[in-house]
Amino acid sequence: MNKILSSKFSITALSAAAALTLSACGSDSEETAEETASAWDEIQEQGTLTVATSGTLYPTSYREEGTDELTGFEVEVVREMAERLELEIEFSEMGFDEMMTSVQTGQVDIAANDIEINEDRKEKFVFSTPFKYSYGTAIVREGDLSGIETLEDLEGKKAAGASTSVYMETARSYGAEEVTYDNATNETYLRDVAIGRTDVILNDYYLQTLAIEAFPELEIVIHPTIKYRPSEGGMVMNKGNDELVENVNNAIDEMLEDGTIAELSAEFFDGADVTQPIEIEE
């Protein structure tokens, strides 16, 4: 009798232990599942994609005069992309350096602000499929071209721009003195060149051309002979967010294929198709 009770007790104890073990395993499994939830899982759960942009870079990301509505080439590419992914968009406006940090720390999912793809950035971030191609130009004073004939003449000149941009890297490499701004508007940059506070702005051809057209009263021009660094640009995401990158790229590839991005390009870049690669003689 005692042996039977002892056996029954042992079986009961083992069953209870097994139940506890299974329960613990289940708990561990649930915790592990929660810990391994991807950035894409969280985005889908919230139904919102957070995107860093400047809101001051015409015509890529700016506020429509008279309406204060955020728009621009890349802003609208992002909106269309999000719609295809069945997500809402939450834009966060900030300076260039801050947006890259915000992507890296996970404060935002994507940065979209005419960001050029280069090897240094690819070491820290993941880029989407490229959808904008251009090359570098220089804005200078109209009367004397700011005393600049070639890039070698940048030495000692004051170059305006974001400190970590590829264009400022180019300016520094030629010995220019950098003048940086905290998410300033195009007008501030351009007016400072016109009045001599700075001498040159190195930046993307399409952005520079349209920026000058927006302020015809300023005596500044695109330098007639300086062309350099063919470039390609895309959206920036954090490394390790593989599902997010895959879904973003699927949407962008689809938009390139059906002509949606080319149509947006024509709307914001005065009829130009920036989705086509460019070759220049350097």
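The values are calculated or read from the model by the stated rules, or taken from the named source; none is laboratory data. This is a predicted model, so every value here is computed, not measured. Note that each Cβ is placed from the backbone with ideal geometry, even for glycine, and that neighbours are counted across all protein chains shown. What goes into the accessible areas is simple: the full protein's heavy atoms, side chains included, and nothing from ligands, DNA or RNA. Shrake-Rupley method; radii C 1.70, N 1.55, O 1.52, S 1.80 Å.
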Estimated [θ] at 222 nm from DSSP helical runs (n ≥ 4, -39500 (n - 2.57)) normalised by residues in the chain, nearest 500: -13000 deg cm²/dmol
Residue 153 accessible area, assembled protein chains, probe 1.4 Å, Å²: 60 Å²
Inverse of mean 1/r across different Cα pairs in region 73-138, Kirkwood, Å: 13.3 Å
For the chain, accessible area per residue (1.4 Å probe, heavy atoms of protein chains only), Å²: 52 Å²
Percent antiparallel among DSSP beta bridges (both partners in the chain, rounded to 5): 60 percent
Dipole magnitude of region 130-173 about its Cα centre (Cβ charges: Lys, Arg +1; Asp, Glu -1), debye to nearest 20: 280 debye
Distant-in-sequence amide H partners of residue 158 (H built 1.01 Å from N, under 5 Å): 177, 199, 200
The chain: Cα Rg divided by the 2.2 N^0.38 Å rule of thumb: 1.40
Cα-based helix-to-principal-axis angle, 205-214 vs the chain, degrees rounded to 10: 60 degrees
Modelled FRET efficiency - R0 22 Å, residue 149 with residue 178, Cβ distances, 0.05 increments: 0.60
Gyration tensor verdict on region 35-105 (Cα atoms; rounded if a/c is under 1.5, prolate if a/b is larger than b/c, oblate otherwise): oblate
By accessible area with a 1.4 Å probe, ligands and nucleic acids excluded, highest first: order of 205, 135: 205, 135
Of all accessible heavy-atom area on the chain, the percent that carbon and sulfur account for (1.4 Å): 46 percent
23 Å tail of the calculated P(r), region 50-208, as % of Cα pairs: 40 percent
Per-residue SASA entry for residue 41, accessible area with 1.4 Å probe, Å² rounded to 10: 70 Å²
Whole-Å distance, taken between Cα centres, linking region 200-272 and region 100-150: 9 Å
Exposure of residue 206 as accessible area (Å², to 10), given a probe of 1.4 Å and all protein chains: 40 Å²
Debye intensity ratio in log₁₀ form over the Cα atoms of region 116-243, taken at each q of 0.10, 0.20, 0.22 Å⁻¹: -0.33, -1.14, -1.32
